Amino acid sequence: MTAFKVNAEYRRQGWGTQMMQKMLNLPRYKDRPIVVEPAPYGGDIGSEGYRQEIENLKEMYKKFGFENSGNEYMNLPERNSELV
């Protein structure tokens, strides 16, 4: 999987969390590190709304145990089974 998106009208309702849980439960992701990058689709990159979406994504990643490694967040394989 290279990306997934929650349409704007469905954000902040738990859909992204459900998709992340399902992804972490897939066998192919249990034994390898997962790297994610907060990159919302659409919107003006410099806008306050876009910056808020970045912060929302970072919070979701932290909730799943991802650690900040520069512009990306990484989750180690041994943690994947503990988070779902």
*Starting at the first residue of segment 23-38, write each ³J(HN,Hα) from the Karplus equation 6.51 cos²θ - 1.76 cosθ + 1.60 with θ = phi - 60°, in whole Hz, x for Gly and Pro.*
4, 5, 7, 5, x, 5, 9, 6, 10, 9, x, 10, 10, 10, 10, x
*What is the order of Glu55, Glu72, fewest Cβ neighbours within 10 Å to most?*
Glu55, Glu72
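Among Phe64, Phe4, rank each residue by its count of other Cβ atoms within 10 Å, from fewest to most, as a rough exposure measure. Before the final figure, lay out each step's value.
Numbers: Phe64 19, Phe4 11.
Least to most surrounded, the residues fall as Phe4, Phe64.
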*Determine by what factor the alpha-carbon radius of gyration of segment 1-69 differs from 2.2 N^0.38 Å, reporting the quotient.*
1.14
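All of the numbers you see were taken from the coordinates with simple rules; none came from a lab. These numbers were taken from a predicted model, which means no experiment stands behind them. Positions of Cβ are backbone-derived with ideal geometry, glycine not excepted, and every protein chain shown enters the neighbour counts.
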